[in-house]
1. If you average 1/r over every pair of different alpha-carbon atoms in the protein assembly as shown and take one over that average, what Kirkwood value in Å do you get?
2. Thinking of segment B:296-355 as a set of Cα atoms, what percent of all their pairs are more than 17 Å apart?
3. Report the gain in length on full extension from A:Ala211 to A:Ser248: 0.36 nm times residue separation, minus Cα-Cα distance, nm rounded to one decimal.
4. How long are the semi-axes of the equivalent ellipsoid of segment B:2-230, defined as square roots of 5 times the Cα gyration tensor eigenvalues? Whole Å, largest first.
5. What average count of beta carbons from other chains do you get within 10 Å of the Cβ of residues in B:368-378?
6. Placing the label point 7 Å from Cα along the Cα-to-Cβ direction, what are the distances from B:Ser416 to the equivalent spots in the other copies, shortest first, in nm to one decimal?
7. For chain A, calculate the relative contact order in percent as a whole number, restricting contacts to Cα pairs under 8 Å that are 6 or more residues apart.
8. May I ask for the distance between the Cα centers of segment B:372-451 and segment A:324-356, given as a whole number of Å?
There are 2 protein chains.
Amino acid sequence: MSFTLGGDTLVRRTVHPSGVRILTESMPGARSATLGYWVTVGSRDEQPTETGAAGSLGSTHFLEHLLFKGTSQRNALEIAQSFDAVGGEHNAMTAKEFTCYYAKVRDTDLSMASSVIADMVTGSLIDPHEFDTEREVILEELAMAEDDPGDVASERLFSAVLGDHPLGRPIGGDRETIAGATREGVWQHYRERYSPSTLVISAAGAVNHDALVAEVTSSLDAAASDWSNWSMDAVAAPTPRRSVPPASVQRAEAIAEIERPGAQINLMLGVNGLVAGDDRRFAMNILNIVLGGGMSSRLFQEIREKRGLAYSTYSFSSAYSDAGLFGLYAGCAPDKAGQVTGLLRDEFSRLANDGITDDELRRALGQLAGSSALALEDSDTRMSRLARSEMGLGVFYDLDESLRRLAEVTVDDVQSLAQDLASREFSAVVVGDLSESKAGLSIRSALEVSR
Amino acid sequence: MSFTLGGDTLVRRTVHPSGVRILTESMPGARSATLGYWVTVGSRDEQPTETGAAGSLGSTHFLEHLLFKGTSQRNALEIAQSFDAVGGEHNAMTAKEFTCYYAKVRDTDLSMASSVIADMVTGSLIDPHEFDTEREVILEELAMAEDDPGDVASERLFSAVLGDHPLGRPIGGDRETIAGATREGVWQHYRERYSPSTLVISAAGAVNHDALVAEVTSSLDAAASDWSNWSMDAVAAPTPRRSVPPASVQRAEAIAEIERPGAQINLMLGVNGLVAGDDRRFAMNILNIVLGGGMSSRLFQEIREKRGLAYSTYSFSSAYSDAGLFGLYAGCAPDKAGQVTGLLRDEFSRLANDGITDDELRRALGQLAGSSALALEDSDTRMSRLARSEMGLGVFYDLDESLRRLAEVTVDDVQSLAQDLASREFSAVVVGDLSESKAGLSIRSALEVSR
């Protein structure tokens, strides 16, 4: 399985015969490191319930929580204490196409971090009592997200735009799937999905590649001894990348209205965006910055600075292996929701109709160059970039190479992309107090007029 | 005005004859820097409305917004473009005892950042039309916070615990004070409060002290030429530190119930805490970590790990010059709110009654040592630490010195502090769906039983 290194970097990559991949980026002078164990399974890999069979929706996130709850070597408290006692950051995230367990620690604690995470990933017990307790914690996590109108809008936008494509589902499942999840179902998900072939380990900062390879190999060996599919001696190939063609996506909803009390209306518009491997991703970076990527962006200037209609407004782009989402956001007063919806649509159309200026292109390049340089001072950004390159395109670009690609983008490239996106069926999601203010009516009318 | 440097650091401090203070910390090898212009005025310095006179509540935060809206040299778009074009982070924050305008940029952009912020701080026009537009933006910012139950609980806890002390007021004012604010009132606040004597400039990272001093002096001179109270030629002393004795604080509410729909109840308990200069602040750091400062903390273990009652639970400590707040938080299901309230109270009491163990003390020290070392890798943390030392105690401790002080804390110190805090009148704030679930009743009953 090939992996291309672009540019002159301190990146190294080793594929262990078991299928485990290990990537490191040494940062000269660093006194700390960030380490991630990434598993190539995300919420999109779950199965909905079918007649006669339990589904696995929500299992990936449920499992992520359970991996903190104890192994044969360490109970939950001991896992927490390992990292707290050295002041490390330690957490995990479940996404649509991967799950990641990570820690940021001082250089002297990297070996500890590596063994503890190895133990969690390979040797979790999934104790039935802990399972039931953790179910309640996850239900509270879902309840917290339900109380956040921005989270509610964002989840719904994915399902509205991507319809019944697996990427359209919420990452954490919902109350019903979590309430119905069984210990056996999650255990099976764990045993089937977690194996040396699906594991990518990345580290950046004060890290020595050869030492880390030896360290994780021995940690995984020790931790995994009683797990047949975790034999580090068996020879296996890494799980192939998700190199799927763009999916045919069917929009589920043109307008989704979620009525709830609140001082603001949360508005989102979105279309099916670019897939991760699309050559136009560099043009997308520019487009996103010009339209809604900072205080000088068009959305911020038109909606907030000139008209005072919103405190927060921006655009965003999420790309996955076979689908994506490009969206616009604003939070505003209910009686301004129609006007703001119209402005979001108009700015998007104006970009497609009139393109961007040379000045905007130049500033966007400067913004990406500067913000990337600042972001790459943190080992966590570099750690994450390594694993995403490995699991995604199989191509690693360093900063210079990325900037070279960005510099090739023309104003015409950006306008063509905007025209393509603007021609796609869009969805609008509206969360807030719709009835009292007639916001729903004015939004629907703004959407009609803009079309 | 004295300032004590503890430990062997790369910190330097210059007091300009005008009263402007400039502090820098050079970080060898850094390629970027964070720069902050701090003004020693916060929401506590505002005046409530009195009969016959307009108050200034909310003016500090309103002013902070307006400083982004243009000077005689740059309009709002040009200010935004200055930072966006180089990918810098650029923002501001208004707090109870200060206001800060800051930027994180690559080393080559530090001079630009310094001039633009100098221009904003000294030469803003406060255009009447921009004033009216920005009022709408701030009302949306307040509306957004209103829709966040955690923000609502936190604001209310301050007023419940600190009563009519100026620190008990919300930082941003409220809808009424913002709706009633006048351009002349905010202009007056600006002219009276912003002067060389109240300005502290701090920078960390790739920064040369002498060069920065020359740079900001010339920026301030150039930017401030038409402002009589910004003469950099006049000689003035820095504004004295707020070295006030602890205030006598009168709790306003024992229980504040804020009824609103929601999947969770947001619970907060709080007492008047330590003032910033209290010698027991090092013991407070330990206490806060042991009780609610991480995944291995008592609150996290008891409420989340053992019982699955909450996703998020923690303790926190905020210290100001003459009052403070120590608080406990949990978000939980309405039908568990009584039980969780009891657990928060019980864990607090148990700490006061039984103290902490040697093991807990040792781990807390390790946690503080590690997390501080990681935090100090960022120039923004160092920049902020410098200015806070200057405006606060007038004593700068580097990491080694801080850790030496922490290492002197004993388990008895922590228990004595816990006993003191537990003996203070506490306030409970409850935000959520209280009526339907009888959560209010069960919380009130839990508070009675625990007392």
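1. 29.2 Å
2. Details: 725 of 1770 pairs.
Considering segment B:296-355, 41 percent of its Cα-Cα pairs are separated by more than 17 Å.
3. So the chain would gain 8.8 nm between A:Ala211 and A:Ser248.
4. With the √(5λ) rule applied to segment B:2-230, the semi-axes are 30, 20, 18 Å.
5. Across B:368-378, the average partner-chain Cβ count within 10 Å equals 5.
6. Going from nearest to farthest copy, the values are 7.5 nm.
7. Worked out over chain A, it gives 23 percent.
8. The distance from the Cα centre of segment B:372-451 to that of segment A:324-356 comes to 42 Å.
Every number in this text was worked out from the coordinates using simple rules, so none of it is lab data. Owing to the predicted nature of the structure, the values given are computational and were not obtained by experimental measurement. Note that each Cβ is placed from the backbone with ideal geometry, even for glycine, and that neighbours are counted across all protein chains shown.
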